[in-house]
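K.L.:
For reference, the structure I am asking about is given below.
The values are calculated or read from the model by the stated rules, or taken from the named source; none is laboratory data. Worth saying up front: this structure is predicted, and the values here are computed from it rather than measured. So basically every Cβ, Gly included, is an ideal-geometry build from the backbone, and we count neighbours across all protein chains shown. SASA here: full protein model, heavy atoms, side chains in, ligands and nucleic acids out. Shrake-Rupley method; radii C 1.70, N 1.55, O 1.52, S 1.80 Å.
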Amino acid sequence: MIPMSSPAQQQQNLFGRVLGRVCTAIEDLGAAGTLPTGLDLSQVVVEPPRDAAHGDMATNAAMVLARQAGMKPRALAEAIVGALRGDPLIAEIAVAGPGFINITLTREAWYDELRAVLRAGTDYGRSDVGRGQAINVEYVSANPTGPMHVGHCRGAVFGDALANLLAFCGYRVTREYYINDAGAQVDVLARSAFLRYREALGENVGPIPEGMYPGDYLIPVGAALAAEYGSALRDRSEAEWLPIVRDKAVSMMMAAIRDDLAALNVRHDVFFSERSLAVGDPSPIAATIRELEGRGLVYRGRLPPPKGQPVEDWEDREQLLFRSTAYGDDIDRPLIKSDGSYTYFASDIAYHASKFARGFRQMIDVWGADHGGYIKRMQAAVAAVTQGAAELDVKIVQLVRLFRGGEPVKMSKRAGDFVTLREVVDEVGRDAVRFMMLFRKNDATLDFDLAKVIEQSRDNPVFYVQYGHARGQSVFRNAREVVPELPTDAAARSQFLLNAALERLDQPGEIDLLKRIAQYPRVIEGAALAHEPHRVAFYLYDLASALHAHWTQGNHLPHLRFIILDDPILTVARLALIQGVVTVLASGLKLLGVDAPEEMR
RNA sequence: GGCCCCGUAGCUCAGCCGGAUAGAGCAGCAGCCUUCUAAGCUGUUGGUCGCAGGUUCGAAUCCUGCCGGGGUCGCCA
């Protein structure tokens, strides 16, 4: 029902435009009787060939349509080529191999694309594939039992960049944080904070007992409670003080977490409380379970004992189960613990039901690798609770291993002694953390070296990409000697450069840069659809490499430099190219949440 | 034992929901560069895409089974 790509989008994207031409040609051949009409074109793609010698673009149209059309691939390819020959975008077109159609575009097509960049500015690459669909991205969701540690930051950065990317591609994105403020852990937090409270009242409580949170970060919570309640809480029963202390501790921890996230430039639109799902009559959890029960998806039954490591206090008992096996899970899953309270899973079903009720048909959860075993049941739950109307994609971010100069940074298991997110950001900076977290596929483990990411070398991709942007900016500063009227403001400058004599761009390095720039919209759209922001980071690294390579050519070949003292026309054309590179670098870095500096002295 | 992820050049990793002779960086080798911002550039060596089957015009990519590494396995979140 939803078309593969809209006409508007095809106009934005050079590859989409060529795909449009190919499809039109095939339809024309159908109308002329050469081919059957009504062919399914959904498998036809136009993409850059692996080998640049094959041209700028290649399409598989003849191969995927051969069977439908009842023709041999090469014969079909010849027919399509005949229909496309003479297209003003196309300089050369030929059949190759088993039936590929290789296309070389005219120079003018690439110049036009550069003009599109200059016109669009940092909107270049924006897409409407999302069509305004609401999508919920849930990320971080760290327990509010202490400050964020370094393990949290990969998910935080990944989720944030993915949300940026989706928004850039026309989705209506909600960034969400699920606060685990229910369950035993926050009760332990409350008891730990209560000790600090008594301490604040002058009591000697001795060492923090085993099983409590010993971290110093709870001292201010105790002090705040003492300031607010005096000694009033001390002599009350735990049942009375615990909710008060718990709420205070959670809210103070969440404030700290928000601060930590702000240091990383990560923000959320919605902070959703798990506890809120258990209040009311019926509570959202109870209502959700009842609804599933009515559909035969919740029942009382027994589970086989877990395999592998024997569970010591295992007892065979009848319990309330969700029939997740009906949706592809391996085993049905319990909803109520032995103490009568809901399992985390029960809350999570209600939580995702809430997302659906709030209008989200697409949901993305970003989880740490240790939650991988939870994916099937959650997807089963979403399928059940939305009757298959919503889709949940769970993105797993793998472990980050911290190094400093090649040596592992030791992290003691002893509670309270961990590397916090804030420490890392303070040491190497937000940009380095963010870029490196994205310079690897999310499901691969990542080695993060605190020494390397502040190095100023090609080994450090953060520096390399940012320096590419700064280098471009430096050309504009220096170019005023030759082009005094060059505007300083980026938008005005782009406008000015639209009149450049782009046909003067004819050096191989320049053409290469033009073509790389034109890839950007494709990369963005692919990354958004695949939920893979790392593709943007890799693309930016490649683009920056191409710029640096071309730049260095100018060292010994002065005619390749961007600024040519006695040729302002050529200089302006090259400035337009630089503007294209800089614009795309800035746009991509912004999506990743990394600064694009004007200079890096 | 069940399930999930990973396995691609000596090292670190890409490979775009099946495409052409599998790529990049580092390291190695051979040169170049003293500049529009110095922290670089060019060329080159190097791979049985873990193994074995299957699906088809075509597989690193999809399916099955093994091998190796990591994670996880009612009541924790």
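K.L.:
Return the long-range amide H neighbours of A:Asp56 (sequence gap of 5 or more, or a different chain), with a cut-off of under 5 Å between placed amide H atoms.
P.N.:
The answer is A:Ile103, A:Thr104, A:Leu105.
K.L.:
Starting from the Cα-Cα distance between A:Asp542 and A:Glu228, subtract it from 0.36 nm times their residue separation and give me the gain in nm to one decimal.
P.N.:
Additional length available on full extension: 107.4 nm.
K.L.:
In chain A, what percent of the accessible surface is made up of carbon and sulfur (1.4 Å probe, ligands and nucleic acids excluded)? Intermediate values should be presented prior to the final figure.
P.N.:
Details: 13890 of 27430 Å².
About 51 percent, which is the carbon plus sulfur part of the accessible surface.
K.L.:
Here's a follow-up. Mind checking which of A:Leu514, A:Val137, A:Phe194 is farthest towards the positive end of chain A's charge dipole, using Cβ charges of +1 (Lys, Arg) and -1 (Asp, Glu) about the Cα centre?
P.N.:
Of the options given, the answer is A:Leu514.
K.L.:
Expected output is a single nm value to one decimal: the length gained when fully extending between A:Ala389 and A:Asp447, i.e. 0.36 nm times separation in residues minus the C-alpha distance. What is it?
P.N.:
Contour length minus the Cα-Cα distance gives 17.0 nm.
K.L.:
Specify the angular offset, from 0 to 90 degrees and rounded to the nearest 10, of the alpha carbon long axis of helix A:219-229 from the longest principal axis of the alpha carbons in chain A.
P.N.:
60 degrees
K.L.:
Structure shown: which of A:Lys307/A:Lys441; A:Lys452/A:Lys515; A:Lys337/A:Lys376 lie over 27 Å apart, alpha-carbon to alpha-carbon?
P.N.:
Beyond 27 Å: A:Lys307/A:Lys441; A:Lys452/A:Lys515.
K.L.:
Modelled label-to-label distance, A:Glu210 and A:Asn143, 7 Å Cα→beta-carbon offset: nm?
P.N.:
Going by the 7 Å Cα→Cβ label model, 1.8 nm.
K.L.:
Here is a follow-up. Ranked by accessible surface with a 1.4 Å probe, highest first, in what order do A:Glu407, A:Glu199 come?
P.N.:
Details: A:Glu407 120, A:Glu199 65 Å².
The most accessible residue leads, giving A:Glu407, A:Glu199.
K.L.:
Let me ask you something else. With only alpha-carbon atoms in the gyration tensor, what are the semi-axes of the equivalent ellipsoid for chain A, in Å, largest first?
P.N.:
53, 34, 19
K.L.:
Apply the a/c threshold of 1.5 to the C-alpha gyration tensor of region A:7-105 and tell me whether it is rounded, prolate or oblate. Don't skip to the end; give the middle numbers.
P.N.:
Details: a/c = 1.58, a/b = 1.22, b/c = 1.30.
Oblate.
K.L.:
Can you give the FRET efficiency to the nearest 0.05 for A:Gln553 and A:Glu315, using r as the Cβ-Cβ distance and R₀ = 45 Å?
P.N.:
Computed FRET efficiency for A:Gln553 and A:Glu315 comes out at 0.05.
K.L.:
Calculate the length of the line joining the C-alpha centroid of region A:52-84 to that of region A:372-388, in whole Å.
P.N.:
Comparing the Cα centres of region A:52-84 and region A:372-388, I get a distance of 42 Å.
K.L.:
With a 1.4 Å probe and all protein chains left in place, how much accessible area per residue does chain A have, in Å²?
P.N.:
Using a 1.4 Å probe on heavy atoms only, each residue of chain A averages 46 Å².
K.L.:
Under 8 Å for C-alpha pairs, at least 6 residues apart: give me the relative contact order for region A:184-263, rounded to a whole percent. Mind showing how you got there, number by number?
P.N.:
Numbers: 69 pairs, mean separation 30.9, N = 80.
Relative contact order for region A:184-263 comes out at 39 percent.
K.L.:
Another question, if that's okay. Defining a contact as two alpha carbons under 8 Å apart and six or more residues distant in sequence, what relative contact order in percent does chain A show?
P.N.:
About 14 percent, as a whole number.
K.L.:
To continue, here is another question. Consider a paramagnetic label point 7 Å from the Cα of A:Glu423 along Cα→Cβ; state which residues of region A:131-152 have an amide N under 15 Å from it.
P.N.:
Within reach of a label on A:Glu423: A:147-152.
K.L.:
Hey, rough spin-label estimate for A:Ser474 and A:Ser341, points 7 angstrom out along Cα→Cβ, what's it come to in nanometres?
P.N.:
Roughly 5.9 nm, to one decimal.
K.L.:
Another question, then. With runs of 4+ DSSP H residues as the only contributors, calculate the mean residue ellipticity of chain A at 222 nm using -39,500 (n - 2.57) per run, divided by the residue total and rounded to the nearest 500. Walk me through the numbers before you get to the answer.
P.N.:
Working: 19 runs with 280 residues, N = 601.
Result for chain A: -15000 deg cm²/dmol, rounded to the nearest 500.
K.L.:
Another one. Could you state the angle between the C-alpha long axis of helix A:73-84 and the longest principal axis of the C-alpha atoms of chain A, as a value from 0 to 90 degrees rounded to the nearest 10?
P.N.:
The angle comes out near 70 degrees.
K.L.:
Using the basic label-point model (7 angstrom from Cα toward the beta carbon), what is the A:Ile331 to A:Leu89 distance in nanometres?
P.N.:
Label-label distance for A:Ile331 and A:Leu89, simple model: 5.5 nm.
K.L.:
Here's another thing I want to ask about it. Based on the Cβ-Cβ distance from A:Ala491 to A:Arg172, what FRET efficiency comes out when R0 is 25 Å, to the nearest 0.05? Walk me through the numbers before you get to the answer.
P.N.:
On the way: r = 27 Å, r/R0 = 1.06.
That gives a FRET efficiency of 0.40.
K.L.:
On full extension of the chain, what length is gained from A:Arg300 through A:Arg561, given 0.36 nm per residue of separation minus the C-alpha to C-alpha distance?
P.N.:
Between A:Arg300 and A:Arg561, full extension yields an extra 86.3 nm.
K.L.:
For region A:467-498 and region A:212-242, write down the distance between their C-alpha centroids in whole Å.
P.N.:
Each part's Cα centre sits 59 Å from the other's.
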